[in-house]
Amino acid sequence: MTTSQPIHENLELDFPQPSKPRVLLAASGSVAAIKFESLCRSFSEWAEVRAVATKASLHFVDRSSLPSDIILYTDDDEWSAWKKIGDEVLHIELRKWADIMVIAPLSANTLAKIAGGLCDNLLTCIVRAWDYSKPLFVAPAMNTFMWNNQFTSHHLETINQLGISLVPPITKRLACGDYGNGAMAEPSEIYTTVRLACKTWPPNTHSSLVIPVSSNLPSS
């Protein structure tokens, strides 16, 4: 579903810190976005969830299949929500609302945008404004040749320096028919990784995130 109500009302920003984490799930333009519905359902069991989809990802995301209580925001909402000076800016409000952000799938194109600091859609504007004291996870999905490209290695190094955590892709038969590494991790694996990393909730001054480290990186 999409939002037609005021942003402030939808995000409930005046409410105190909830007992559940607020997770912002985002999909970019990869065929793996067909699994976004499954990802949303997994996280809904543990967290309050809002969703963001790029224009390209909507080619694969079936809006009608998403849980009815999850609001899906798109680039159109970013522009239609703002009417005048003083109105809330959607990417800033979502950044404030979320405790955790997960981008799955993360396409090669969106990875490059994030690494370069570009912010030309709702998703990348949220990332550009993100508070990196809060967890941000990405689950890449791309063809093996793209995953093994040196650009990918450079871009992953850059986002790692920002503190963005990687949920590595897996090796399997890809949608294009090729076999190799680059397929998005299964939604259950993404969910488990985030849960383990954020196992203490709500966070306190005596706890810290435990981010899994993987060597399943592209060759350079």
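Quick note: the coordinates plus some simple rules give every number you see, no bench work behind them. Bear in mind the structure is a predicted one, so any value in this text is a computation, not a measurement. Because the Cβ atoms are built from the backbone with ideal geometry, glycine has one as well, and the counts that use them run over all protein chains shown.
Structure summary
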| read-out | value |
| --- | --- |
| Flagged links, alpha-carbon separation over 21 Å, of 55/199; 20/134; 20/199; 55/113; 35/96 | 55/199; 35/96 |
| Per residue convex hull volume, Cα atoms of the stretch 17-197, in Å³ | 116 |
| Distance between modelled label sites at residue 148 and residue 192, nm, 7 Å Cα→Cβ extension | 2.7 |
| Residue 26 long-range amide H proximity, modeled H, under 5 Å | 52, 102, 103, 104 |
| FRET efficiency, 1/(1 + (r/R0)^6) with R0 30 Å, evaluated for residue 19 and residue 129 via beta carbons | 0.70 |
| R0 of 30 Å, Cβ-Cβ distance residue 179-residue 55: FRET efficiency to nearest 0.05 | 0.50 |
| The stretch 39-47 - phi-based ³J(HN,Hα) in whole Hz, Karplus 6.51/-1.76/1.60, Gly and Pro as x | 4, 4, 5, 4, 6, 5, 6, 10, 9 |
| Virtual spin-label span in nm between residue 199 and residue 80, 7 Å along Cα→Cβ | 4.3 |
| Pairwise FRET efficiency - residue 62 versus residue 87, Cβ, R0 = 41 Å, nearest 0.05 | 0.85 |
